[in-house]
Amino acid sequence: MASKHEELDDAIHAIRQIMKLFMLERILCVICGVCSFGLFLFAAYKLFDSQVVDTKTMGIIFGASGISTAASAGISYYLNKSFNIIERLILGVALPSAPPPAPTPAPTPTQAATA
């Protein structure tokens, strides 16, 4: 039977493998966040330079806010999943395993008919 330390090492190794597997998605979320920040800066420059709010500038602002929302949702999703995995690992190591519950006896035919 594996000790708790070995189980924890195996779980940490599995988390590292999962993080490597989804590295491209996390990098893509960060790139989208940086692009949306750049679009926000460009829209602010256009607003201050022209002193006129036009549909192109508003389109840039709405597009940048949508990209920012998608990027932050993706990052939050991956962080939430990794924290849930870590929480389960810590609880699995910290809490002793409980014995399985005792089986309940099946009702006899006379008990089932009277109920």
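The values are calculated or read from the model by the stated rules, or taken from the named source; none is laboratory data. Note that the structure is a prediction, hence the values are computed from the model and not measured. Counting neighbours? That spans all protein chains shown, and the Cβs are built from the backbone with ideal geometry, glycine included. Only protein heavy atoms, including side chains, enter the accessible area calculation; ligands, DNA and RNA are left aside. Shrake-Rupley method; radii C 1.70, N 1.55, O 1.52, S 1.80 Å.
In Å², and per residue, what accessible area does region 1-65 have when probed at 1.4 Å with the other protein chains present? All intermediate terms of the calculation are to be shown ahead of the outcome.
Numbers: 5100 Å² over 65 residues.
For region 1-65, the per-residue accessible area is 79 Å².
Each residue of region 32-37 is assigned a 3J(HN,Hα), and the resulting list reads 4, x, 5, 5, 5, 5 Hz, derived from the Karplus form 6.51 cos²θ - 1.76 cosθ + 1.60 (θ = phi - 60°), x at Gly and Pro.
Using a Förster distance of 35 Å, how high is the FRET efficiency between Asp10 and Thr69, based on the Cβ-Cβ distance and rounded to 0.05? Each step should come with its number before you reach the end.
On the way: r = 37 Å, r/R0 = 1.05.
Plugging the Cβ-Cβ distance into 1/(1 + (r/R0)^6) gives 0.45.
Other residues lying with their Cβ under 15 Å from the Cβ of Ile86 contribute a combined charge of -1, Lys and Arg counting +1, Asp and Glu -1. Taking Cβ atoms as reference points and 15 Å as the exclusive limit, the residues near Lys20 contribute a net charge of +2, counting Lys and Arg as +1 and Asp and Glu as -1.
Starting from the residue with the highest accessible area, list Tyr45, Tyr78 in decreasing order, probe 1.4 Å.
Working: Tyr45 140, Tyr78 60 Å².
These residues rank, largest area first, as Tyr45, Tyr78.
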